[in-house]
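Read through the structure below, which is laid out as structure tokens, and then see the notes.
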Amino acid sequence: MDKKIGIASDHAGFELKSLVIDYLKSIDFDVIDYGCYSQDSTDYPDWIVKPCLDIRDKKLNRAIVICGSGVGASIVANKVDGVRAVLCFNEYVAEYSRRHNDTNVLVLGGRLTTIDLAKRYINIWLNTEFEGGRHQKRVDKIKKIEEGCL
């Protein structure tokens, strides 16, 4: 498993992002913090797009992004080619988003997710492998949509 991961948030996700960074470092991840850097009001697209662009450009394999509900962050993330972001709200979603969809961005709602839940979701998401097989053809179809071929 690649031990490098990007992370970004807006002001509403800043507190959870800070706790997640500490947690990821405690389990030996090299964390790249793309911002934001305070709880001052800011626009989530400005921050969430940054690690997603590095995934698109193959400088990063995975990222975690956080806004208040996770909805805006997931919309932004999924606008970037090559990103398959999941708005995670339980263990099943964390696991099956990896098994069946090969997600590379985990989205959390900073106002809805405790650090204990975030740790559970993150552990499952980081340690679940993509199954491939019949799921690969579906991921390939998503890539075709990104390329404008469908």
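Here are a few things to note about the model shown:
- Check on Val86, within 12 Å of the chain's Cα centre (by Cα) and either closer than 30 Å to His135 by Cα or among the charged types (D, E, K, R) (or both): yes
- Close Cβ contacts (under 7 Å, 6 or more residues apart or on different chains) running from residues in region 9-31 that are closer than 22 Å to Thr42 by Cα and in contact (Cβ under 8 Å) with a residue 24 or more places away in the chain to residues that are among the β-branched types (Val, Ile, Thr) and surrounded by fewer than 19 Cβ atoms within 10 Å (Cβ to Cβ) comprise Asp10/Thr42; His11/Thr42; Leu16/Ile115; Leu19/Ile115; Val31/Ile21.
- Val71 vs. criteria among the aliphatic types (A, V, I, L, M) and within 19 Å of Gly110 (Cβ to Cβ): yes
- Flag if Arg134 is in contact (Cβ under 8 Å) with a residue 12 or more places away in the chain, out of contact with any strand residue (DSSP E or B) (no Cβ under 6 Å at 6 or more places or on another chain) and not β-branched (Val, Ile, Thr): no
- Residues in region 100-147 that are more than 22 Å from Lys79 (Cα to Cα), in contact with a Ser or Thr (Cβ under 8 Å, 6 or more places away or on another chain) and crowded, with 17+ Cβ neighbours inside 10 Å: Tyr121 only.
- Members of region 96-117 that are in a loop (DSSP other than H, G, I, E, B) and in contact (Cβ under 8 Å) with a residue 40 or more places away in the chain: Asn104, Gly110, Arg111, Leu112, Thr113
- Filtering region 54-75 to residues that are aliphatic (A, V, I, L, M) and farther than 12 Å from Ala8 by Cα leaves Ile55, Leu60, Val71, Ile75.
- Within region 70-99, the only residue that satisfies the criterion of being surrounded by fewer than 20 Cβ atoms within 10 Å (Cβ to Cβ), polar (S, T, N, Q) and touching a strand residue (DSSP E or B) at 6+ places or on another chain (Cβ under 9 Å) is Asn78.
- Region 118-150: number of residues that are at pLDDT 95 or above, of a type outside the set (D, E, K, R) and not in a helix (DSSP H, G or I): 2
The values are calculated or read from the model by the stated rules, or taken from the named source; none is laboratory data. Bear in mind that the values here come from a model prediction, so they are computed numbers and not experimental data. Using ideal geometry, Cβ is built from the backbone for each residue, glycine included, and neighbour counts are taken over all protein chains shown.
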